[in-house]
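Here is the structure we will look at.
Where a number appears in this text, it was derived from the coordinates with a stated rule and is not lab data. Just so it is clear, the model here is predicted, and its values are computed rather than measured. As a convention, Cβ positions derive from the backbone with ideal geometry for all residues, glycine included, and neighbour counts pool all protein chains shown.
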Amino acid sequence: MDKKNKISCSCNSCKIFLNDPTPKFSLLCACEDCRQGLRWAEKNGGKKPKDILYSVYFRSDIHSCEGIENMTATQLRKDARSTRIYCKKCFSCVAIDHVFYQNNIFMIQPEHCEYNFDIESPPKAVINLIDYPREFADLDSETIPVFHTNKYPQERNRFRSIEPISDFLCPPKTPAEGMTIREVISKIGKIKVLDLMRGDNLEEIQNE
């Protein structure tokens, strides 16, 4: 039986094994970048994304990988702050890094990859609702904090004050036992810049 620490793509060509498979926190994200990256993947065979994506965060401490030759690392634009790892075959998204994560954590979106362990974690906040494409967002909770943008320092500070988010949006206090997500991206090789246009033109994304 597999050890319960595996994240993989839908076709099982790409696998990431974690040293610590315990979710650190989760968020609901409505940002255009997440949706646009997954719409690009959908055009190439991946699953269609929702407008608000359940996103779960793990320690950037990876025991091993299989199928690195089947992985591609992408950025939406030259000024991108996020790097996404997809399977070249089924276009599942198996991991996402962001400059704000400071190589301490990385993110998965569970509806767009596979896993063999419990990833359930109640969302700590809804973020980036400024990018939500509809008039009304039907959220599950009336008590979860809502953040429209991270443009303003006071909003960033309010977000970072949420426990345990504040513990992980900082440089790691202890080094990883294995590889960090950025070391995995380095092993994949050159990052592919998709040059996607900002704005509500996701239907026009062409197959790559």
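Quick check on segment 84-176: take the gyration tensor over C-alpha atoms, sort the square-rooted eigenvalues as a ≥ b ≥ c, and tell me if it's rounded (a/c under 1.5), prolate or oblate. It is oblate, given that a/c is not under 1.5 and a/b is not larger than b/c. Take every pair of alpha-carbon atoms less than 8 Å apart whose residues are at least six positions apart; their mean separation over the length of the chain yields a relative contact order of 29 percent.
Of Gln102, Gln36, Gln154, the residue with the greatest mean-square motion in the GNM of the chain, using alpha carbon springs below 10 Å, is Gln154. A cut-off of 5 Å between modelled amide H atoms, ignoring neighbours fewer than 5 places along the same chain, links Cys14 with Cys9. Within segment 77-160, the GluC sites (Glu not before Pro) that combine a DSSP coil assignment with at most 16 other C-beta atoms in a 10 angstrom radius are Glu120, Glu135, Glu142. Take the Cα of Glu135, step 7 Å toward its Cβ, do the same at Ser161, and the gap between the two points is 3.4 nm. Each residue of segment 121-136 was assigned a 3J(HN,Hα) from its phi angle through the Karplus expression (A = 6.51, B = -1.76, C = 1.60, θ = phi - 60°), giving 8, x, x, 8, 6, 10, 10, 6, 5, 4, 8, 4, x, 10, 6, 10 Hz with x at Gly and Pro. When the chain is modelled as a GNM with alpha-carbon springs shorter than 10 Å, which of Asp195, Asp97, Asp138 fluctuates the most? Per the Cα network of the chain with a 10 Å cutoff, Asp138 tops the list. Among beta bridges identified by DSSP and lying wholly in segment 6-204, the antiparallel ones come to about 85 percent. More than 26 Å apart: what percent of Cα pairs in the chain qualify? Percent of Cα pairs beyond 26 Å in the chain: 31.
Taking a ≥ b ≥ c as the square roots of the Cα gyration tensor eigenvalues, segment 7-83 comes out oblate, since a/c reaches at least 1.5 and a/b does not exceed b/c. Here the extension length gained between Cys11 and Asp79 equals 21.4 nm, from 0.36 nm per residue of separation less the Cα-Cα distance. Taking other residues whose beta carbon is less than 13 angstrom from the beta carbon of Glu177, and scoring Lys, Arg as +1 and Asp, Glu as -1, yields -2.
For trypsin sites (Lys or Arg not before Pro), the sites in segment 76-126 that DSSP calls loop and that have at most 12 other Cβ atoms within 10 Å are Lys78.
Who wins for biggest fluctuation among Pro123, Pro49, Pro153 in a Gaussian network model of the chain, springs between alpha carbons below 10 Å? Comparing Pro123, Pro49, Pro153 in the GNM, the peak value goes to Pro153.
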